[in-house]
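Heads up: the structure comes next, in structure tokens.
The values are calculated or read from the model by the stated rules, or taken from the named source; none is laboratory data. Just so it is clear, the structure is predicted and the values come from calculations on it, not from any experiment. All Cβ positions, glycine included, derive from the backbone under ideal geometry; neighbour counts span all protein chains shown.
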Amino acid sequence: MLHEAAILSLLAYEPETGALTWKRKPNRRITIGSIAGRVDGYGYVNVKVDGKLHKAHRIAFLLMEGAFPKERVDHINGDRSDNRWCNIRHASPSENSQNISGPTAKNTSGFLGVTRGLRGKGWIAQIVVNKRRHHLGTFEDPQAAHHAYIAAKKRLHKFQPTIRKNVITDQRAA
């Protein structure tokens, strides 16, 4: 509660831009009206209040709704630094996990939801729903497997049915 009161007294939020600005000076280096926070290595904006780091998207919920969100906050467009009110929403952990923005570093196909088959035979498409992996089929090329993944994502991931930036998507399904 102490941090919530401090945040409410120190910061202002502009819903159209997502910017947090200082209403009061928390220390002598800060000027009133200046932008609060920095982007961290994961792409999130963090703001330090009373020695504690807070995610800007969670602060936005506090300032707009009067309380921190109980679960997660999702960035609809996948840009973790875009804290405009129209771009953030409440999300359960399961819903938020639908927002994987691209293949991991261990992915050899270059396509989300696609892995190489056993002994290098074919390409396997799969998707996770409610912590359960669903096999979508084995395909001759990774593009065909990815198209199967995209179709399944649109059908099964109702919270985030599309893939965002930096990921190859099914242009025919658009």
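Table for the structure above
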quantity: Matching residues, segment 1-48, being in contact with a Phe, Trp or Tyr (Cβ under 6 Å, 6 or more places away or on another chain), among the small types (Gly, Ala, Ser) and free of Cβ contacts under 8 Å to residues at least 24 places away in the same chain; calculated: 34
quantity: Sole residue being closer than 26 Å to residue 157 by Cα and part of a loop (DSSP other than H, G, I, E, B), chosen from 80, 28; calculated: 80
quantity: Residue check, residue 88 buried (at least 18 other Cβ atoms within 10 Å of the Cβ) and closer than 30 Å to residue 133 by Cβ; calculated: yes
quantity: Test result for residue 108, among the β-branched types (Val, Ile, Thr), over 19 Å from residue 78 (Cα atoms) and modelled with pLDDT of 80 or more; calculated: no
quantity: Considering residues of segment 1-54 that are polar (S, T, N, Q) and under 12 Å from residue 83 (Cβ atoms) only, the residue nearest to the chain's Cα centre (by Cα); calculated: 46
